[in-house]
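Participant: Dropping a structure here in C-alpha cells format, bear with me for questions.
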Amino acid sequence: MQKTVEVGLKLRKKDAPDYILEVIELFTPNGELAHARARVSITSYDLGTRLYSVSALEDSRFFEQI
C-alpha cells in the first residue's frame with residue numbers, strides 16, 4: 001500500500017520500532033527528488049531533524065505508518 005507523505009505524517013522504522021519520524025516540512029531541491037525534513041526520536045529521546053527522500057519514506061520495506 002502506497003502512503004502519501006505529507007506534513008504531520010508519523011512513521012516508524014521497521015528494523016528499529018522505537019525510531020519514530022514526524023514529517024515537518026516537504027521540499028524539492030533544485031531539479032532533485034522530493035525530500036522531507038522529519039523530527040526524529042528514539043523512545044522519548046529527541047534526536048533533532050533529519051532529511052529523507054520521499055521515495056524512501058514511501059517504501060514499506062523501511063518504514064510503516066503509525
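Participant: Among the candidates ALA38, ALA56, single out the residue that is aliphatic (A, V, I, L, M), without any contact (Cβ under 8 Å) to a residue 40 or more places away in the chain, assigned to a strand (DSSP E or B) and surrounded by 11 or more Cβ atoms within 10 Å (Cβ to Cβ).
Facilitator: From the options ALA38, ALA56, the qualifying one is ALA38.
Participant: Something else now. Test of understanding: among ASP46, ASP18, which residue is on the phi < 0 side of the Ramachandran plot, assigned to a strand (DSSP E or B) and loosely packed, with under 11 Cβ neighbours inside 10 Å?
Facilitator: That would be ASP46, the only listed residue that is on the phi < 0 side of the Ramachandran plot, assigned to a strand (DSSP E or B) and loosely packed, with under 11 Cβ neighbours inside 10 Å.
Participant: What are the residues in the stretch 9-35 that are within 17 Å of ILE66 (Cα to Cα), without any contact (Cβ under 8 Å) to a residue 40 or more places away in the chain and β-branched (Val, Ile, Thr), if any?
Facilitator: VAL23, ILE24
Every number in this text was worked out from the coordinates using simple rules, so none of it is lab data. Only a predicted model underlies this, so the values are computations on that prediction, with no experimental measurement involved. Using ideal geometry, Cβ is built from the backbone for each residue, glycine included, and neighbour counts are taken over all protein chains shown.
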